[in-house]
Every structure is written in C-alpha cells, then in structure tokens.
1. Looking at the range A:295-314, is at least one residue under 21 Å from residue A:201 (Cα atoms) and touching a residue at least 24 places away in the same chain (Cβ under 8 Å)?
2. Could you please give the count of residues in the range B:55-85 that are polar (S, T, N, Q), in a loop (DSSP other than H, G, I, E, B) and more than 9 Å from every other protein chain (Cβ to nearest Cβ)?
3. Is it true that residue A:105 is part of a loop (DSSP other than H, G, I, E, B) and either acidic (Asp, Glu) or more than 8 Å from every other protein chain (Cβ to nearest Cβ) (or both)?
4. Go over the candidates A:324, A:363, A:320 one by one and state the one that is touching a Leu at 6+ places or on another chain (Cβ under 6 Å), touching a residue at least 40 places away in the same chain (Cβ under 8 Å) and not aromatic (Phe, Trp, Tyr).
5. Which one of these is at pLDDT 90 or above, out of contact with any helix residue (DSSP H, G or I) (no Cβ under 7 Å at 6 or more places or on another chain) and not assigned by TED's automatic domain parsing to the domain that holds residue A:254: A:129, A:109, A:96?
6. From the set of residues in the range B:8-42 that are assigned to a helix (DSSP H, G or I) and more than 9 Å from chain A (Cβ to nearest Cβ), which is modelled with the highest pLDDT?
7. Would you mind stating whether residue A:264 is aromatic (Phe, Trp, Tyr), out of contact with any Leu (no Cβ under 6 Å at 6 or more places or on another chain) and not assigned by TED's automatic domain parsing to the domain that holds residue A:185?
8. For the range B:323-399, please list each of the helices (runs of 4 or more DSSP H) lying entirely inside it that holds at least 3 residues being over 29 Å from residue A:60 (Cβ atoms) and not acidic (Asp, Glu).
Amino acid sequence: MMNPIKNIEINPLQASSSLGAAMFFLGINNAVVLMHGAVGCASFDKVTLTKHFRENIPIVTTALNEYGAILGGTDFLTSGIKNIYEKMKPDFIGIASSGLTETSGEDIAGIIRDFKEKQDLPFSKIIYAGTPDYKGSLEDGYMQAMLALLEDFSGKETYKTFKKSKKLTKSVNVFCPVSFTPQDFLELREAVGYFDLKPVMIPDLGLSLDGHLDERGYLQTTAGGLGIKDLENIHNSEFNIVTGLSLGNAVKSISELTGLATYYFPNVCGLKNSDKLFNLLSELSGKEIPEKYKRQRRQLMDAYLDTHFYFLGKDIALALGIDLLDSFSTIYSEMGANLKIGISTKFSNDIKYRFLNFYEGDLDLLDNYRNVDLIVSNSNAGFYVKDFRIPLLKAGFPLIDEIGHGYKHYILYRGAVNLAVESANLLNKG
Amino acid sequence: MHITAKEEYFDEPACEHNGVAKDKKACKTATPGSSTGGCALDGAYIVLSPIKDALNIVHAPINCLGNSYNQRTSETTQRENYYMYGFTTAINENDLIFGSEDKLRQGIIYVFNRFKPKAVFIYNTCVPALTGEDIEGVSKELAATLKIPVVPVFSQGFSGNKNLGNKIAGDALFTYIIGRKEPEIDLLSDYNINLIGEYNIRGELFLIKKALKQAGINVLSTITGDATIEEIMYSHKAGLNVVVCSKALIYLARKMKEKYGLPYIEGSFFGLTSTNKAIMDIVNSFGDYELTCSAKKYIKIRTRNTEENIYEYKRFLTGKKALLYTGGVKSWSLVSALNDLGMKVIATGVKKSTEEDKLRIKEIDENGNIIMLDNGNPVNLIKIAREERVDIILAGGRNQYTAIKSLIPFLDVNQERFNPYTSYEGMEFLAKQIYFEIKNPLFKLLKESNINL
C-alpha cells in the first residue's frame, strides 16, 4: 500500500465520554439529561440510546448555535435548565458537556453554581459532569458522572454529622460499570438482597431502562432508577461494592467520598469471581449463601463441562469495551477457549495475557482476521461477519439491529452459563 | 473560514418561510431544554451518505460519528458496503493542541488506497470549525493528488439544524459534483428526470423507479438514493428535476435551474392519489401527447389493481381515526394516503411544514376538520390522541414509545419504518400495516391488565 499510516478510525468501537455520562444519569429516578452543546450532540446520543434500549430516553439539548459557540453559552445553559424544570419537573437534572462547549473554555461548573445560588425555587438536583468529547472514553464519562454525583452528595456538612440510624435492613452501595445490561443490574440487586442487605445501585439502569410498562404510562423523565432519598443516605450504608475494570481508578475516590469500607471486583463473571463475591456477601452479612446460588454454581460447573467441547480448537475474536472484554475473557478463559484477538478502546496490562493478540483500536482490526470461528462484538461488527460468514455474538454497545439484549445477563453463575451456551451454539452452527 | 453558514442558505426565494420568519433565520432556532432533531452534520450526512461509491469522513471528536453510525436504512444494489462504514478522524486532545489537518490528510490517503472510492466527502464539525482548521485547503490539495472529487462539507452542528445540513449537502453537490461529466448517449431517453431528496429508505426508490419506468419516464439520476457519483455528475442533463419530500433540497433544484435552466417540480409518492398526481405532473411538464396517453393508461391499470388489493383493508379502515405527526411534505402527502384508505386524519404535525405544505393540507381537508399541530410535545400528542379517541398514531421513531407506552397503536413512517410506503406497492404495505396494527388485540389486553391507565 502507498500509505501504511492509517491514522483514521474505521468503524469505531469507542463512543464518547458525554454518552457515558448520559448513560450514568439515566440510571437515576425521575431524571432528565441535559447535553450542553449543539442540537446534534443530544440528538445523535438520544437516537442511539433509544434504539439500543428500546425505551424513551429523556435527553434534551441546550441547542447552542453559532453565537453561543463563539460568544459563550451561559444563557443557553441556564434557560435550558429552567425550561426542563418548568416542563418536566424532574427530581434530577444531569448535565454533560461536549467538545464544542469545552473547546470554548467556559467555566460550566461555575455557571451552574451561580445559577443554583440565585434560584430559590425548589429546584431539581443538578449535577454536572465535564465530558469533552475529544478526551476520554465512554467509561471515563460514566465514571466522571459517578464521581461528580458522589462529590455533591458527600460535600455537605449535614451528611458528615448525620448519625447512623439503627435500621432493621442494612444497606449496601453497589457501583456497577457502564457495560452492565439492565438485567445485569437486576441480577446483582437480587443477589445482594438475598443476604438481607438493601442494595443501593449507583446508578440503577436496571430499574430505569429494563423495559417495563410503567403504570403511569408514558413518562417524560426516567421511569425508575436510583432515588434521590437513597442517594442522600449513601453514607449510611454498611459498605461499598465496586465492580468493573473501568471503575478501578474510582475505587479510592468512592471510598473517600462515602467514608465506607470498599470492596472491589474487576468483574463478577465466571465461577471464581462469582465465588469471591458470594463469599464476601456471606461473610459481611453473616448469612449463608442461599440455596438458589449454590444450585446455580453447580449448574455452571456442569454447563462448562457440556459446552467446552464446542470450543476445542476454535478461535474467538472479541471487540468490546474494556469491562465486557474483561468479563467475557474471564469466562472464556475458565473454559479453556482460545482467545485469538482482543480489541478494546484502551490497553490493559491486567488482561492482555489472556489473548494471543491484544489491540487498542477500531472494529476494522477485525478485517485482518478473517479465519476466526466466532466474533463477539456490537452491532457495528456486522460489516465484517457479513463478508466473512463468521457467527457474531452480539454484546456491548450499541446493539441496534436486534431486540431483547436488555433481558440478557452475563454476570454471576447464571450469566456465565448464558455466555457459554450462546457461544457454543453459534460455534456449532458456524 | 466557514465558521458561520452562508447567509444565502437562510434566504430561500423558493421557501415560504422566507420573509415570514421574524429575522429571516427562524429556520435555525431551537429552544434550549427541548429535545429537537439533529444538527447540520446529521442533515448533511443523510443526504450524502447514500451515494454508494463515495466515502464519508467525519472530521470530529468521537461523538459526532462514533456514537451513531451504521443506522441509516437506505438500500442499494451494490454488494459492497463501504459507503455505510463509519469513518472519523476522532480528534483527541493532542490534535486539538497541535492541529489535525495532517491526520485528516493521512486518513483520506489511507482510505483512498484501500477502498478506491469515486469521491470523498469530508464533514467539518463544531470543534475543528472553532479551532479554524483549513478543511477546504486539505480538500483542494487531495483532490489534485488523488484525482477524485474530495468535497468539503461545512456542516458544523452549531450552524443550524438538519434542514440546514440538507442544504449544505445540496450546495456541496452543486459546487463540486454536478456538471462534471456528460452522460453516455444510451442512458438518455426522451423523458429524463432526476429525483431529488429520495434516499431509498427500505427500497422506496426502487418502487418509484419501477412505476416511472412503466409510465415511460427515465430516471437519469437520483440525489442520492442508490446513486453513484457519476450519475450525479451528469444529472444536469436531465429534462426535469423532481423534488421528492425534501423542502430543504429545493435550494439545490433552484440552483440547478439558475445554472443549467433545468426546471423543477415537487412531488410525493406516498399514497395512491399522490403517486398518480406526481406521475401526471411529471408527464405534463414534458407536454408530450404520446407520453401522456401511455402514462394515463398505466395509472388507470395500476390504480384499479391497487384498489383491488387493498379492498379488504380499506373496508376495515374506513372511518378509523389517525393522528399524524411527521415533517414537511409528509404532513400532507400522508394525509392524502390515509384518505385513500378511507381513514379520517384528526390532526397532523406542521412544526416542520412550510406555508405551502399547510395550504395543501387545507386543500385535501375540505371540511377543515384537521387540527394543525404546531406543538410536538409528546404529552400534547397523547392528550389529543386520547381526547379524539384516535385509532392509531403515525409518526417518527422518537414518538414510538410515547404512543405504545400509552397503549395507543403506532406505525413508524419516518426513517426507521420497516417497509417501503411509496408508490403503488407502498400503498399496499401501508394499508396492511395499519390494518394489522389497529386490529391487534394486544392493546386491549394490556389496557385491561393495567388498571391505572
């Protein structure tokens, strides 16, 4: 080839940090996301999220035009907040910025602070996450929003002096990664609940975007999720559980901001990691591991045995965000599958040893591997499987050409069974 | 530099918004805190990306393309799908500091060598527009070295909405592509037209082309459904431009009229009445007796045939009530399609319609019963639907969940529609889909089970 330098993203795997922040905010109950940028910044994200979750997605825009872009967007931002409040009365407004608004170098946090001080209306809770699109990944934006939220809720004196109330049910804060499906959230919530602990999922995309017909019908804001009341009490919980490789860097901050003991799991997938989680929950709650999960554990061991034949001598390529790449490769490694290629949006020394080749890059890297037996990636990998006739296990984000992935889950024992069985069937067909 | 959009875009003699708008710029305002449609980039990408042998490179940070590519439903006859790929320079912090023109240049050369496109469109976006990168310079330089059109598209989102983006794309085609080639003689017949603003969603263009061919009309070029760069290059040699369902591309038609003396008409292929009218309008503009006779004969046969095929559906649908919320031309052309099915349109959205569109609605609506909905607020839509007891809502994907969560039957008639709804076959699809959706017992079951509704 004339020019070997690629220097362009062809079918990107990465998505922007502003989208990550938006997804975090969507896990809060009765919330609206405000994108500070041109109309497209909100509309592109809204369209994709709507197709991905098959739900109404309450994202609105500050509709910055060329005057705002050049002369400053303060008025756009403040009138945006006011209009949301008047029209939708949400409990929570999550604001994410964009490349456009961050390039012009505005002090968005300052504008919001001033605005909040001047308004004595019973305003919604407003949190801002600085997410310039030219910096950071989907996972970074999600974490940014998480920390912005914690900072706001732990910065108040009242919380620090607040005495721990003696409640019958002890609660636990659970921090999950952006890669969790709504069903993943629900499964983890249920598992924690089995130990007589009240899970406070931060955020809770299980309750907001699992796809349920709300008794109130159509809603303009999120139809469920983490409640503001629970959020105000997070420092009252017993301890924190953090899961997700991408949240590794947030563990220290989470622990400091909440002032609680924090237990970190890069992932809660597969046999060993699920064991670790259940043992911890059992130890901290003083309850025995429920029969249900003991049974599921035995089922997983059996499923590994049943399905491992299908993987013998087969090559698998994974092109996923860093959290799913870690989760799935954990499960595949346990059953001895051959992971030929791992592609993600950033490099990770922790997991690269599981793959024959590990890259940071776009989906187009798959073009070099036309002889693998299974590709695990999102809808956009469709270009490559169509040409090469390789089965595609669809996971990650976005999944827009198929319905129902929100009901699937890949965490804990049962999640590993799901992945093993789905992969085996595809390998068998391919 | 192209920080601001050309003033010309906002001064459109052929658009009825012109002058009516307070400061002539009403076309580009949106309220902060609302959920509006896409930006200029979105609009430009929609117009240009269906061209099947060109590549589209979005010069932007990752969010402009990375979050949302590979979602269009334009169909083509070509097996290779490179034109659907998502290409972006993914501007990062370093690029912002040191500039990313070089990155763009290398990226284009790489994709040119690998995919051998017939043209490359480079979309400028908010961030590089603000930092003042010379996209035009890069385009010029590469067009000279690579010997294909490398077209800068100044579609930075803060300049305006989707409609503006349509215009910007039209302008890019007019400036860099159209008129650059002459068609082979055997591509021409006596009656050549271009279809402007038809993107072949779910293969709709194929149905329109089929009908036109049988009526005796040759579609020389389509802008841009299933199109090649070459056919757009010689599109100026057609005898008539037919602007299908896109007010924004009137701009292009007017420009072509000014430069090449090519007349244009507007037409819609949604519904039986509209399709027949569009064919006859095209035929009449050629003013040829023989063509008129053969077209009339064709229309007569197809109309009878279609009416037979939709008879059962129509019998059921007669008197059923519909609420229509869609944009522009569809705000009246679908009214006529629904009337063809005997349905009563209670309200139609006119937020994105022109004064002329509104006039047409009034023409179709003899008794003046149709509510013109200026407010697309979902809550408002549901309120009207409930008050008027409509049987179905027809709208775009963004209103799908508004409708179904309120347990009102729904059909997507915009971008994400499942079927082609144009021409005679499209009428049958439409009738069938509405029939089965309204008849579906699911809504009754859920209403009974959801006591709070």
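The values are calculated or read from the model by the stated rules, or taken from the named source; none is laboratory data. Model, not experiment: these values are computed from the prediction. Using ideal geometry, Cβ is built from the backbone for each residue, glycine included, and neighbour counts are taken over all protein chains shown.
1. Within the range A:295-314, not a single residue is under 21 Å from residue A:201 (Cα atoms) and touching a residue at least 24 places away in the same chain (Cβ under 8 Å).
2. Count: 4.
3. It is true that residue A:105 is part of a loop (DSSP other than H, G, I, E, B) and either acidic (Asp, Glu) or more than 8 Å from every other protein chain (Cβ to nearest Cβ) (or both).
4. Result: A:363 is the single residue among A:324, A:363, A:320 that is touching a Leu at 6+ places or on another chain (Cβ under 6 Å), touching a residue at least 40 places away in the same chain (Cβ under 8 Å) and not aromatic (Phe, Trp, Tyr).
5. A:109
6. Taking the range B:8-42 and keeping what is assigned to a helix (DSSP H, G or I), we get B:8-10, B:26-28, B:40-42.
From the residues that got through so far, the ones that are more than 9 Å from chain A (Cβ to nearest Cβ) too are B:8-10, B:26-27.
On the way: B:8: 73, B:9: 76, B:10: 71, B:26: 41, B:27: 49.
Among those residues, the one meeting the criterion is B:9.
7. Against the criterion (aromatic (Phe, Trp, Tyr), out of contact with any Leu (no Cβ under 6 Å at 6 or more places or on another chain) and not assigned by TED's automatic domain parsing to the domain that holds residue A:185), residue A:264 does not qualify.
8. B:330-340, B:355-364
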